[in-house]
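The values are calculated or read from the model by the stated rules, or taken from the named source; none is laboratory data. Bear in mind that the values here come from a model prediction, so they are computed numbers and not experimental data. As a convention, Cβ positions derive from the backbone with ideal geometry for all residues, glycine included, and neighbour counts pool all protein chains shown.
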Amino acid sequence: MNDSRDRAITSTSNPRLKALVALRRRRTREETGQTLVEGHEEIRLALEAGVTPRTLFVSEELFSPSGRAGSQDIGTQPELVERLRAAGVEVVRLSPAAYGKASYREGPDGLLAVVESVGMPLSSLRVDRARWLGLVAQGVEKPGNLGAMLRTADAAGVDAVVAADPVTDWGNPNVVRASKGTVFALPVAGATTAAAVDWLRANEVTLVVTTPETDVLHTDVDYTGRVAIAVGSEKHGADGALLAAADHRVRIPMKGRANSLNVSVAAAVVLYEAVRQRS
């Protein structure tokens, strides 16, 4: 896999390495229109979604046994590198120390890509079928929760995910990591809550909002038409504006002392009720 034509960075003070590390900051991501994808599986999923990295940073010493084993679609880590190199992607070799400075995950496997940032204007999302299903995440603070919801949305066949009053951006590397790369496979957008509600109304989408403050169970609502399921922030839940706009307010039965689930779990429970009804 090692190619003498590849550039190599060994110093942890290299300016290019510093620019790579800077992409962890939202401001830098927004200014450059780029973000980071780390990991063999995550890069594989991004490729399957049609994303081509601008640059691939590689540290062969960190290649993992699972990565060497490969996948049916993309293959081993060396095969993935060769595929991208053949496609004209710049490959830069990093020493383990240099890679460790750029890496943002535990147990890195030696592959880190720079790609175009994800996300689109709300107006670009299309509601083009009668059984459209969407997910709205209002004010979710933790990138891990947002990424977990994307994985669930992808598995449930959701058509689009909207971050209402977003606290983090779709290109946050920890959103990418927690989504296992599915952020590149789903149409995603960000908007204010007011704009999201107006857009749903204009597209005749029924809005179902989760809240513990209702007697209606999540299983009591019809999800078979054009429906968007909305969840609120981790600390406060859905705000008054979102609740006021709801066509249905639903709760998930809670038998213990807690009155709510983790926001990503709550989204999964209601989404899969929609899946059950639609199947």
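Okay, residues lined up against (1) at pLDDT 95 or above; (2) of a type in the set (Ser, Thr, Tyr); (3) within 24 Å of the chain's Cα centre (by Cα):
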| position | (1), (2), (3) |
| --- | --- |
| ALA185 | no, no, yes |
| ALA189 | yes, no, yes |
| THR192 | yes, yes, yes |
| ARG201 | yes, no, no |
| LEU207 | yes, no, yes |
| GLU213 | no, no, no |
| VAL216 | yes, no, no |
| VAL221 | yes, no, no |
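In segment 250-279, how many residues are under 21 Å from ALA153 (Cβ atoms) and of a type in the set (D, E, K, R)?
4
Residues in segment 121-134: is at least one surrounded by fewer than 22 Cβ atoms within 10 Å (Cβ to Cβ), touching a Ser or Thr at 6+ places or on another chain (Cβ under 7 Å) and not assigned by TED's automatic domain parsing to the domain that holds ASN14?
yes
Among residues belonging to segment 156-203 that are under 20 Å from VAL51 (Cα atoms) and polar (S, T, N, Q), point out the one that is surrounded by the most Cβ atoms within 10 Å (Cβ to Cβ).
In this case the residue turns out to be SER179.
Any idea which residue in segment 4-41 is surrounded by the most Cβ atoms within 10 Å (Cβ to Cβ), counting only those that are of a type in the set (Val, Ile, Thr) and more than 23 Å from the chain's Cα centre (by Cα)?
Looking at the filtered set, the residue picked out is ILE9.
Check off (1) over 22 Å from SER179 (Cα atoms); (2) modelled with pLDDT of 95 or more; (3) out of contact with any strand residue (DSSP E or B) (no Cβ under 6 Å at 6 or more places or on another chain) for VAL92 and give me the number that stays unchecked.
(3)
With the structure loaded, tell me whether GLY256 is surrounded by fewer than 20 Cβ atoms within 10 Å (Cβ to Cβ), more than 25 Å from ALA178 (Cα to Cα) and modelled with pLDDT under 95 or whether it fails that test.
Here the answer is yes, as GLY256 does meet what is asked.
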